[in-house]
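Undergrad: Below are the structure tokens for one structure; questions will follow.
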Ligand code: COA
Ligand code: AMP
């Protein structure tokens, strides 16, 4: 499709100069049960509400309306699972029928509008069916990534207070079967909140024991359920809560509304990703992350495209040709994954020999996000695939891209290391610590002028104060992204990394603060710090530095083994916490703040200047050889 030159600037300017007109036009793509007459309610700033008097049902937009328009036989979802050796497809009509039935069962179990449902499941179609069934009832789902340990699940259960929990007997990792049900049981022992019921999908790889009175098998749960109709909800009602790592151990419940979300995701599919109804679109992520919510489940289905749900890895299931196999088998037009997946493929197959076994000429574009795309990986992917490789930048909080090369609107020349330009709707500015705007090329805090566009977080679940404190207080009138970066002469944005204690391990967002909390609980530990250090495969991995209590008698290897086990048990294997050093002291500022950023820089081999606020430079000097290892 030919895209007009200048279309990006025209759209961007329109979105900033007159967001009302811009988003009113975009909203006409959504089927409303009551059309909104107002686009933006700014009467309670800094809390903004999009399409405040509109009413819709997100599930009906994702399924019913395509069936009603005669597209019921089109493919909605392709499930491809190399780890179980199965694949299955659902047309829109089939998926609608499964979702309506599961919604009927949830309704029968007492789930209604506004009730929460926690979903702790592997990458199986039933997880998607569960999410859409909640949306159908106006219930609020909260999906917890399967790689999280019971304590993390328990914290989310206590915060979300679900009526029902959906889970499965197991997930399947290439090297092992992960028993989910015992982890759910453990989480429910730890949690204060008691859900009324747990619905367990029994998978053939391992059957779970069910607790009478609380647990019910998925098949039994839906056995006699009538189909449920979609329930209209307010545009501003929550569709889901997705917990993400903040700077403290307590995860933040990112709230997503219904109306703004549907409008923004539909707009993004056409304009950012260049996808049309009927195209096959594959986001190789996990439904436990925001990419999975937005671009495995909601956006492709809202548009009427075909989405791929892949239960496998880029390598080892069975080989580094797995992605090429899926693309050629299903005719995938655009692939979205994390750079770490491509680093993994490149490591195993540097010459991309597996690529020649498959015809992937149908693939038009590769989108990468979730962590910084290092230029080496960019060049490798671009050379081997010979198609545009689009780095784009966003966060769980925004739910859709903040900066991208808009393939459907106006593709631009690519600069390695940059996610290109701000997406329409996002007033991106680089601010200095004093709140003034940074010059071109000058690094500063990447902020977004309020209001944020539709689809972004309206607040944190049950915690308006934390929303304001965490995101809106540093620079009044702006949303603080937590990333630093700069604009170049051509207006391209460069995202350099987090300014807080959030790290990205293999595209998984984790908090070093929560790891520190686990480590500090060890009886031999007086003080500790966890920093994210560069890793050639996973982008970053955590590394622990520990000061022992006076008189503690434990050798370093035993301590490391115990701390690694504790982080795995409390947070999960995805933390990939493997390395601990015992150090005599931690470097601090005179006010007692640990100099994590300075240590991270030294560990990454950068020439870190000594901060002027350092209390005792000798402490840092003693650490240099350890950090450099
Ligand atoms: N359930 C249970 N355990 C899980 C899990 C899940 N859903 N996902 C990962 N884990 C476990 C893994 O089995 C592994 O455990 P181990 O220490 O016993 O081996 C551990 O968590 C670390 O997993 P991971 O970081 O995924 O490492 P890996 O070596 O298994 O795989 C990659 C490396 C690069 C192939 C993999 O991380 C990957 O595909 N990354 C892409 C991530 C992505 O798509 N992110 C979404 C943002 S777009
Ligand atoms: P998450 O909420 O898990 O999507 O993680 C969001 C964080 O990941 C951002 O704040 C960035 O630090 C990082 N991130 C995501 N995409 C990119 C990108 N394209 N370039 C650089 N960093 C990215």
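Undergrad: What number of residues within region 539-567 satisfy the criterion of being within 16 Å of ligand 2 (Cβ to nearest atom) and assigned to a helix (DSSP H, G or I)?
TA: Selection size over region 539-567: 0.
Undergrad: Also, I was wondering about something else. All but one of (1) touching a residue at least 60 places away in the same chain (Cβ under 8 Å); (2) within 26 Å of residue 288 (Cα to Cα) hold for residue 390, so report the exception by its number.
TA: Of the numbered conditions (1) touching a residue at least 60 places away in the same chain (Cβ under 8 Å); (2) within 26 Å of residue 288 (Cα to Cα), the odd one out for residue 390 is (1).
Undergrad: Which one of these is touching a residue at least 12 places away in the same chain (Cβ under 8 Å) and in contact with a strand residue (DSSP E or B) (Cβ under 6 Å, 6 or more places away or on another chain): 274, 249, 278, 260?
TA: Within the list 274, 249, 278, 260, the selection yields 260.
Undergrad: Looking at 370, 399, which is the one that is in contact with a strand residue (DSSP E or B) (Cβ under 8 Å, 6 or more places away or on another chain) and near ligand 2 (Cβ under 7 Å from one of its atoms)? Please lay out each step first, then the result.
TA: Details: 399 fails: near ligand 2 (Cβ under 7 Å from one of its atoms).
Only one candidate qualifies: 370.
Undergrad: Can you find even one residue in region 432-440 that is at pLDDT 95 or above and within 20 Å of residue 272 (Cα to Cα)?
TA: no
Undergrad: Restricting the search to region 382-399, which residues are buried (at least 22 other Cβ atoms within 10 Å of the Cβ) and more than 16 Å from residue 495 (Cα to Cα)?
TA: Listed by number, the residues that qualify are 389, 397, 399.
This table checks each residue for (1) within 15 Å of ligand 1 (Cβ to nearest atom); (2) within 21 Å of the chain's Cα centre (by Cα); (3) more than 30 Å from residue 518 (Cα to Cα).
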position	(1), (2), (3)
91	no, no, yes
106	no, no, yes
141	no, yes, no
172	yes, yes, no
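Undergrad: Mind telling me which of the residues 616, 581, 535, 557 ends up being closer than 21 Å to residue 628 by Cβ and either in the same structural domain as residue 183 (by TED's automatic domain parsing) or in contact (Cβ under 8 Å) with a residue 40 or more places away in the chain (or both)?
TA: 581
Undergrad: Which of the following residues is more than 16 Å from ligand 2 (Cβ to nearest atom), surrounded by fewer than 19 Cβ atoms within 10 Å (Cβ to Cβ), over 20 Å from the mean Cα position of the chain (by Cα) and in a helix (DSSP H, G or I): 361, 328?
TA: Checking each option against the conditions leaves just 328.
Undergrad: Can we say residue 40 is under 16 Å from residue 449 (Cβ atoms) and touching a residue at least 24 places away in the same chain (Cβ under 8 Å)?
TA: yes
Undergrad: Would you check if residue 104 is in a helix (DSSP H, G or I) and either buried (at least 16 other Cβ atoms within 10 Å of the Cβ) or not assigned by TED's automatic domain parsing to the domain that holds residue 203 (or both)?
TA: Here the answer is yes, as residue 104 does meet what is asked.
Undergrad: So which residues in region 568-618 are away from ligand 2 (no atom under 16 Å from the Cβ), assigned to a loop (DSSP other than H, G, I, E, B), under 30 Å from residue 313 (Cβ atoms) and in contact with a helix residue (DSSP H, G or I) (Cβ under 7 Å, 6 or more places away or on another chain), if there are any at all? Quick ask: steps written out before the conclusion?
TA: Initial filter on region 568-618 (away from ligand 2 (no atom under 16 Å from the Cβ)): 568-570, 573, 577-595, 598-599, 601-603, 605-618.
Add one more test, that the residue is assigned to a loop (DSSP other than H, G, I, E, B), and what stays is 577-579, 583-587, 590-593, 595, 605-613, 615-616.
From what's left, under 30 Å from residue 313 (Cβ atoms): 577-579, 605.
Passing the criteria: 577, 578.
Undergrad: Let me ask another. What number goes with the only condition from (1) under 23 Å from residue 12 (Cα atoms); (2) over 24 Å from the mean Cα position of the chain (by Cα); (3) within 12 Å of ligand 1 (Cβ to nearest atom) that residue 392 does not pass?
TA: Looking at each condition in turn, residue 392 falls short on (2).
Undergrad: Shifting gears a bit: Sort out which residues of region 343-383 are under 14 Å from residue 325 (Cβ atoms) and within 14 Å of ligand 1 (Cβ to nearest atom), and write them in order of number.
TA: 345, 349
Let's see how each residue does on (1) assigned by TED's automatic domain parsing to the domain that holds residue 259; (2) surrounded by fewer than 22 Cβ atoms within 10 Å (Cβ to Cβ); (3) within 30 Å of residue 360 (Cβ to Cβ); (4) within 16 Å of ligand 1 (Cβ to nearest atom):
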position	(1), (2), (3), (4)
401	yes, no, yes, yes
408	yes, yes, yes, no
419	yes, no, yes, yes
425	yes, no, no, no
466	yes, yes, no, no
497	no, yes, no, no
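Undergrad: Does residue 312 qualify as being within 16 Å of ligand 2 (Cβ to nearest atom), crowded, with 20+ Cβ neighbours inside 10 Å and over 19 Å from residue 409 (Cβ atoms)?
TA: Numbers: within 16 Å of ligand 2 (Cβ to nearest atom): no; crowded, with 20+ Cβ neighbours inside 10 Å: yes; over 19 Å from residue 409 (Cβ atoms): yes.
Spelling it out, it is not the case that residue 312 is within 16 Å of ligand 2 (Cβ to nearest atom), crowded, with 20+ Cβ neighbours inside 10 Å and over 19 Å from residue 409 (Cβ atoms).
Undergrad: Within region 284-309, work out how many residues are within 15 Å of ligand 2 (Cβ to nearest atom), over 19 Å from residue 365 (Cα atoms) and assigned to a helix (DSSP H, G or I).
TA: 2
Undergrad: Could you please let me know if residue 260 is outside any loop (DSSP other than H, G, I, E, B) and more than 15 Å from ligand 2 (Cβ to nearest atom)?
TA: Spelling it out, residue 260 is indeed outside any loop (DSSP other than H, G, I, E, B) and more than 15 Å from ligand 2 (Cβ to nearest atom).
The values are calculated or read from the model by the stated rules, or taken from the named source; none is laboratory data. Every value quoted in this text rests on a predicted model; they were computed, and no experiment measured them. Ideal geometry is used to build each Cβ from the backbone, glycine not excepted, and the neighbour counts take in all protein chains shown.
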